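To start, the structure itself, in structure tokens.
The values are calculated or read from the model by the stated rules, or taken from the named source; none is laboratory data. What you see is a predicted model, and the numbers here were worked out from it, not measured in a lab. With ideal geometry, Cβ positions are generated from the backbone for all residues, glycine too; neighbour counts draw on all protein chains shown. All accessible areas refer to the heavy atoms of the entire protein, side chains included, with ligands and DNA or RNA removed. Shrake-Rupley method; radii C 1.70, N 1.55, O 1.52, S 1.80 Å.
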Amino acid sequence: AALVPEAPAPQIEPEKPAEPDYLDQLMRLKAEFENFRKRSDREKPEFYRLGKAEILANLLPLYDLLRKAHEEVLTSHNDTPLGQGMAGIFKEFDKLFKEEGVAVMSPQGKPYDALQHEVFGTVETADCAEDCVVDVLQDGFTLQDRVLRTAKVRIARKTKKEGPDSLRDGGNI
């Protein structure tokens, strides 16, 4: 048997490692950076607003204490330098609040709203509707229509009737 020389096996060249596409990587990085910059520019005003809200919220307890002191001064020292100085302080507070968009809530007589009010009790009354704010214990504040501090309030509960009709509403006979 004659030996037939075998054809040499085709040489398979090893694959060259893919060269990195530096231009593509650079373009992607540039696009990501542009997106980051645009997002930062959009979020910056929100960060400023949140910082301002935090500072204003921290001033409110001081405002409350000064308000109580001012009420005491008004009863006996209204025309004294102390009374005039306190009035000046509140003019500045009012000016600052107006410039920054801070407003005092007026919940008295309005329906209870869980987003704006914190209930610290109920008052039985027939004078106003159920869950109506009857008494404001501490003022609430808004900052450009967003709640800065909830108002602490008491709300109305209807008075319960005593007598024969109350037995029909759940009493046992």
Any hit, segment 44-61, residues being farther than 30 Å from Q144 by Cβ and open to solvent by 70 Å² or more (accessible area, probe 1.4 Å): no
Unique residue being outside any helix (DSSP H, G or I) and in contact with a Ser or Thr (Cβ under 7 Å, 6 or more places away or on another chain) when the list is E19, E118: E118
Complete set of residues in segment 79-97 that are open to solvent by 80 Å² or more (accessible area, probe 1.4 Å) and either of a type outside the set (S, T, N, Q) or not in a helix (DSSP H, G or I) (or both): D79, P81, L82, K91, E92, D94, K95
Matching entry among L148, L143 (being at pLDDT 90 or above, in contact with a Phe, Trp or Tyr (Cβ under 8 Å, 6 or more places away or on another chain), under 19 Å from E54 (Cβ atoms) and not aromatic (F, W, Y)): L148
Members of segment 66-78 found to be among the hydrophobic types (A, V, I, L, M, F, W, C) and either in contact (Cβ under 8 Å) with a residue 40 or more places away in the chain or open to solvent by less than 70 Å² (accessible area, probe 1.4 Å) (or both), listed by number: L66, A69, V73
Contacts under 6 angstrom Cβ, first residue in segment 113-128 being on the phi < 0 side of the Ramachandran plot, partner in a loop (DSSP other than H, G, I, E, B) and surrounded by fewer than 15 Cβ atoms within 10 Å (Cβ to Cβ), 6 or more apart: E124/T159; A126/T159
Scan of segment 125-151 for residues that are over 21 Å from the mean Cα position of the chain (by Cα) and open to solvent by 30 Å² or more (accessible area, probe 1.4 Å), ordered by number: A126, D127, C128, A129, E130, D131, V134, D135
